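Notes to accompany the following structure.
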Amino acid sequence: MPSEARTKDGERTVAPSLISEISDIKKDTGLWQLSHQRRLFTDLIDSLRNPEFWALSAWLDIVVAYRRSRLGALWLIMPSAVYIWGVGSVFAGLWGVSVTHFAAHLALGWTVFTVMHSVTVQSTGVLFGARSFIMDGRMRLTDFVLRSMAKSVFHFLMAMPMTALALVIYPHVQPLGLLVGLGALLIVLVNTFTAGVVFSLAGARFPDIQEVVNNVFRVLFLLTPIIWYPAKMPASSLRGEASRLNPFYHLIEIFRAPILGEPIGVLSWYYVGILTVVGVALATFLYRRYARLVPIWL
Amino acid sequence: MEVSIKAEHLSLAVPTYLQRERVSKHWGAVVLGAMFDPPRRRAVTLLEDLNFTIGTGDRMALLGQNGAGKSTLLKVLNGAYTPTAGRLLVRGRTQALLNMSLGFNGHATVRENIFLRGTAMGLSTPYIRQHLDDILAFADIPEKVNQRLYTLSSGQQMRLGFAISTSIQQDILLLDEWLGTGDANFKVKAQERLQDRVEGSKIVILASHQAGLLRDICNKGMVIDHGRLLYVGDIEPAIAFYQDVLALQWASGSTGALDFSDGMARVYGYVDDAVLEVPGRIRLKGWMASTREHEPPQALAVRLNDKVHVASKISRYKRDDAAKRFGVQDPECGFYATFELPGVKALADLEGMQVLGGLSDQAADTALRQSDRLVMTIRTGREG
């Protein structure tokens, strides 16, 4: 194991007296150096290479939640069934469209929104919750972000049977659009991860963030075309304008519109492109600068 | 592989948050204060410019009072705190036994928790699977493997945590106090296991207040006070130095940071009593020592009314009480000192006297602490 010791001296020296980092490789190689910065990308790669801890802890979080119940895993599927068919038929009636059309629109939007929502909200408290591990020297914070992502993605997959059903009864599913949607899903996950990193750091430093995020999401949900059609809020109206500032609007549009064959503005692609670049840059910067301070904040 | 820890100019400064001092007249003000009083931020230096090297085979004792920075240093060494300046180079896999009952998931089973804690320690799943039975047997809970963790007693949870944390032998072992948990049977087992791990480790760092334990285990010692490294060297002189520091703080009546800027020698001592032998001559009784080994202080002087009088005669004697109570190293630290003080007709004339000690007559400049009894005698003598 010590053969792959990765000493990153020299190339990353910050200042003459300061030494560059060797990320959390002590457990793998036994040679490490403490320094002033941690790198998001290196940590992420290490986390993905060693998934045991975060995957297991995410899995335990999920199974433990249903262990006391009789119906167990059935409760994993229930929320999506209730939401897509229950809420779906109510709003389909409200908009005067058929459930066969509206269920797919709602399902795709709601499932993706839920992933982004739950990761962002959870991550504000995830580092505080992992205090004991962090104090024990487990400083690869990406592990904890991936833990909450793994949970959300799992719930996303649990909602897939109902989503698939909604797509089956939808008359105009675009086969090519499914491929585009898959790519868009990847972009959504990248953005979810960067949001998770940013909000986990922010939440560790400012405990108030958790409440702020919770409240902001209530409004953002209504400003995202999940239970309504973008066409109902044209960009010219004030509400339409506000909703188009909302990043979730575009993240959902690029995923859903290609699959359902709905019209999508070029603006959405631009918006998401810029958002991704800015998000990755911001997360990298904040992680590099503040990750080392997290144990002190907690 | 050569295992080592090297710190160069290692410092750690952290922001702390202070709540504003406020006088609350009734409970409403307390509630409002808690709601709307944002804490203020201030930087505090926890570790300052530490330099040391710990090599293979070293068993290092961390000595220092509560709040001196021992636990903070251990957290830096295990990678939790990143130094704000300087560098730290650690060669070797580290296992910290600092807090072992944390990081469990109460509603998961014992088996799942062993995997959770194990992977958090960086162990591979095959390794954990292989050692699962050993861990359960060690914690004395093999029959509980499929029960949820919260059904275990706190003693059982502690045993499980200990069993997992010590299930692997690493190169470097960090210990905050020697751990002894559980009932008598388990204690014996835990002692043996810990002894085993200590022997198997290439470097051990142990923070403790028990001098006997540190003598048994460690060969080196480090004295930390107010985040600064005062002494690093072999264990006996380190313990001696630490006890001197404690005695010095007691004798100087201050718990503030010690000033060693003029080198490591600091003189300290205590004056018990004063006797007026004849008018113009007094004799003081007390003890005096220095923080430098084999260099007992030689000089005494009295400052009275801005004039310094050097002792005309000093005789030493054995003071076991100073050694026992205050940890003074030199058993011959007691003194009787005679001073010629023309103009002193009664003890009351000593009002405002300062007794100064030092390594030599030229350097007799450290005030010794005076006993309450002596102070009272001088004061009441004047009144009477």
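Here is how the numbers come out for the structure above:
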item	result
Where A:Val87 falls short, out of the listed (1) without any contact (Cβ under 8 Å) to a residue 12 or more places away in the chain; (2) surrounded by 15 or more Cβ atoms within 10 Å (Cβ to Cβ)	(1)
Condition broken by B:Val204, with the remaining ones in (1) β-branched (Val, Ile, Thr); (2) surrounded by 13 or more Cβ atoms within 10 Å (Cβ to Cβ); (3) not in a strand (DSSP E or B) satisfied	(3)
Residue within region A:135-148 that is on the phi > 0 side of the Ramachandran plot and buried (at least 24 other Cβ atoms within 10 Å of the Cβ) present	yes
Residue count, region B:114-159 (criterion: in contact with a strand residue (DSSP E or B) (Cβ under 9 Å, 6 or more places away or on another chain) and either under 19 Å from B:Gln170 (Cβ atoms) or of a type in the set (Gly, Ala, Ser) (or both))	1
Failed condition for A:Val173, given (1) of a type outside the set (Lys, Arg); (2) assigned to a helix (DSSP H, G or I); (3) under 23 Å from A:Leu189 (Cα atoms)	(2)
Every pair of residues 6+ apart whose Cβ atoms lie under 6 Å, when the first sits in region A:137-151 and is within 12 Å of another protein chain (Cβ to nearest Cβ) while the second is assigned to a loop (DSSP other than H, G, I, E, B)	A:Gly137/B:Asn78; A:Gly137/B:Gly79; A:Gly137/B:Ala80; A:Met139/A:Asp24; A:Met139/B:Gly79; A:Arg140/A:Asp24; A:Phe144/A:Ala130
Where B:Thr119 falls short, out of the listed (1) part of a helix (DSSP H, G or I); (2) more than 26 Å from B:Ile5 (Cβ to Cβ)	(2)
All helices (runs of 4 or more DSSP H) inside region A:245-298 with 2 or more residues being under 20 Å from the mean Cα position of the chain (by Cα)	A:247-260, A:266-290
Whichever residue in region B:135-148 is more than 36 Å from the chain's Cα centre (by Cα) and touching a residue at least 24 places away in the same chain (Cβ under 8 Å) and, among such residues, is farthest from A:Arg68 (Cα to Cα)	B:Ile141
So B:Ala163, is it within 30 Å of B:Ser4 (Cα to Cα) and more than 14 Å from chain A (Cβ to nearest Cβ)	yes
Checking B:His107 against (1) assigned to a loop (DSSP other than H, G, I, E, B); (2) under 21 Å from A:Thr142 (Cβ atoms); (3) at the interface with chain A (Cβ under 8 Å from one of its Cβ atoms), the condition it does not meet	(2)
Tabulated pairs, region B:356-384, first at pLDDT below 80, second exposed (fewer than 15 other Cβ atoms within 10 Å of the Cβ), C-beta under 9 angstrom, 6+ apart or interchain	B:Ala364/B:Val308; B:Gly381/B:Ala346; B:Gly381/B:Glu351; B:Arg382/B:Ala346; B:Arg382/B:Glu351
Options A:Ala235, A:Ala242: the member that is in a helix (DSSP H, G or I), farther than 17 Å from A:Val112 by Cα and not hydroxyl-bearing (Ser, Thr, Tyr)	A:Ala242
Region A:151-166: number of residues that are under 25 Å from A:Val119 (Cα atoms), buried (at least 17 other Cβ atoms within 10 Å of the Cβ) and more than 13 Å from the chain's Cα centre (by Cα)	5
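The values are calculated or read from the model by the stated rules, or taken from the named source; none is laboratory data. It should be emphasised that the depicted structure is a prediction, and the values quoted were computed from it without experimental measurement. Glycine also receives a Cβ, built like all others from the backbone with ideal geometry; neighbour counts cover every protein chain displayed.
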